[in-house]
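Input: a single structure, listed below in structure tokens.
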There are 2 protein chains.
Amino acid sequence: MKTTKTSAARQYPCDKCPLQEFPHFQRHIKEEISFLTDFKTGELVADAGTTVLVEGANSAHLFTVLSGWGFRYKTLEDGRRQILNYVLPGDLIGLQGSVMREMQHSIEALSPMILCVFQRDKLANLFRNYPELAYDITWIASREEQMLDEILLSVGRRTALERAAYLFAFVFQRAKSVGMVRSNKLMVPLTQQHVADTLGLSIVHTNKTLKKLAARNALRWLDRGCEILEEDVLLDISGWQGLPGTLRPYI
Amino acid sequence: MKTTKTSAARQYPCDKCPLQEFPHFQRHIKEEISFLTDFKTGELVADAGTTVLVEGANSAHLFTVLSGWGFRYKTLEDGRRQILNYVLPGDLIGLQGSVMREMQHSIEALSPMILCVFQRDKLANLFRNYPELAYDITWIASREEQMLDEILLSVGRRTALERAAYLFAFVFQRAKSVGMVRSNKLMVPLTQQHVADTLGLSIVHTNKTLKKLAARNALRWLDRGCEILEEDVLLDISGWQGLPGTLRPYI
DNA sequence: CGCCTACTTGATTTGCATCAACGCCGGTGG
DNA sequence: CCACCGGCGTTGATGCAAATCAAGTAGGCG
């Protein structure tokens, strides 16, 4: 397990935050941007495979993902792993560690990631002086809960095929909202082991389930990664309604 | 499905909130109590079986549970149901409906419940003037996410027996923290169907799994309900560490 | 009393895990 | 250059855990 982190110079001042490009995000007003400029303490570049946040640690940081893919997971003592959710640009990570006393899950990068770093001890100041931003944080936490609810429904009650279809439809829609989908196709940098650990299945059965999706032309499996091709087929198989189209805040 | 709600007179002024009895909760300062007195618009008594909040609805309310048991759940179109979590005294429910545009899950009472009712449109005011309370709400949302993470790990990666043991240990510890456990025993008003829908198993297999737990004297199954007897055995079987003992806020 | 709901139990089927073997790369080092 | 990895995906065989099917019991209630 790589744990190296490389600090880089600050490339993205908050008034030129790459996230504001995407129409799905709410814009910040000027005062908020100047506060955030102070709240932000730097940027972090993580290589693929890096563990960005570790379960049990009491991290002093809070991050917003600026680019790249990652995933949140927990493990049992004997090594069984459950991937809880994926993290994409615009997602806030490490809130549990900031608000409660320690993180109960880990986060690992699936691709090179750029993270915007915030200092935890300035969070109280944010709540005191920028209630709209505080509200946004609560909004973001509620959204995470909503995603988890649907994922739990999926793992608990959908069949293996429905589950896999839901996962890829979900990832596809999320990626689309942050401009990662071009010409209606998307490359996701996953191994089948990641998929298995997300769906609660074994690798072998995951492999067979993925072949069924590939047979329906919903996706194509490539060397350590998959290309999502037909969102409609995935939505149809999973019976999932899709994500609401509302604007969302980011920090 | 019962949906009747019975409004009752206000029996619990905020300065005599029954929740402050429990040492697990953080106390409020006087100004907060006077604000909360205004924020609270009444109380709601729900009978067992009542649907307190419905998926898809845009409820104008937010609730804190004062007493009783309930559960949060989602269903698929064909009726498959997944119970996401249980709600106990001190839990805040309906936050998703308040903060985002609509609820994506339903909540049903397992026993008679008394709920403290808050007006959603006063929430912005809370964030503006009581940053500590706003922080508490974020804390509560983070805690819900943390519980969901563990539940998802359980459903995705634990065996049927481990899963069931975890569920009862979890419910036991939560109930203990709000004074519902007497002489180290606890009655939970559940049917085996509820347990099945929580664990992602069929009723029949749930029944057989519960018998194994009963054979180990971890619990006893009664008519529509179960009595949890041996927390240690449950913790042992599940391999679960237990809940952190930290103080927690409530609204 | 009879019906309904919840729980039990055994027989059977099936989905999924496990195990094992193999092919395909990309990387490394002689 | 080739030989030798190790990681990843694919496949088939086998066994087990859990779903499904099918009765049957016991208590609660009109």
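No value in this document is a laboratory result; all are computed from the given coordinates. Note that the structure is predicted; figures quoted are calculated from it, not measured. Heads up, the Cβs are rebuilt from the backbone with ideal geometry, glycines too, and the neighbour counts pull from every protein chain shown.
Before moving on, here are some points about what is shown:
- Reported count of residues in the stretch B:128-145, each being more than 7 Å from every other protein chain (Cβ to nearest Cβ) and touching a helix residue (DSSP H, G or I) at 6+ places or on another chain (Cβ under 8 Å), is 5.
- Within the stretch A:228-251, the set of residues being exposed (fewer than 14 other Cβ atoms within 10 Å of the Cβ) and among the charged types (D, E, K, R) comprises A:Asp232 only.
- Selection within the stretch B:155-174: residues that are within 9 Å of chain A (Cβ to nearest Cβ) and free of Cβ contacts under 8 Å to residues at least 40 places away in the same chain. The member of this set that is farthest from the chain's Cα centre (by Cα) is B:Arg157.
- Taking the conditions (1) near DNA strand D (Cβ under 9 Å from one of its atoms); (2) closer than 20 Å to B:Leu152 by Cα; (3) touching a Leu at 6+ places or on another chain (Cβ under 7 Å) in turn, A:Thr198 satisfies each one other than (1).
- Members of the stretch B:189-225 found to be surrounded by 15 or more Cβ atoms within 10 Å (Cβ to Cβ), more than 8 Å from DNA strand C (Cβ to nearest atom) and in a loop (DSSP other than H, G, I, E, B), listed by number: B:Pro189, B:Gly200, B:Leu201, B:Arg216, B:Ala218
- For B:Ser177, the criteria (1) hydroxyl-bearing (Ser, Thr, Tyr); (2) in contact (Cβ under 8 Å) with a residue 40 or more places away in the chain; (3) facing another protein chain (nearest Cβ under 8 Å) hold in every case but one, which is (3).
- Condition check for A:Thr246 on (1) in a loop (DSSP other than H, G, I, E, B); (2) away from DNA strand C (no atom under 15 Å from the Cβ); (3) touching a helix residue (DSSP H, G or I) at 6+ places or on another chain (Cβ under 7 Å); (4) within 14 Å of chain B (Cβ to nearest Cβ): one failure, at (3).
- Restricting the stretch B:226-243 to residues that are in a loop (DSSP other than H, G, I, E, B) and under 27 Å from A:Arg158 (Cα atoms), the residue that is nearest to DNA strand C (Cβ to nearest atom): B:Gly239
- Selection of the stretch A:17-70 for residues being in contact (Cβ under 8 Å) with a residue 24 or more places away in the chain and of a type in the set (Ser, Thr, Tyr) yields A:Thr37, A:Thr41, A:Thr50, A:Thr51, A:Ser59, A:Thr64, A:Ser67.
- Residues being within 13 Å of chain B (Cβ to nearest Cβ) and either among the aliphatic types (A, V, I, L, M) or in contact (Cβ under 8 Å) with a residue 60 or more places away in the chain (or both) - total across the stretch A:195-234: 7
- Any chance A:Val188 is under 18 Å from the mean Cα position of the chain (by Cα) and more than 16 Å from DNA strand D (Cβ to nearest atom): no
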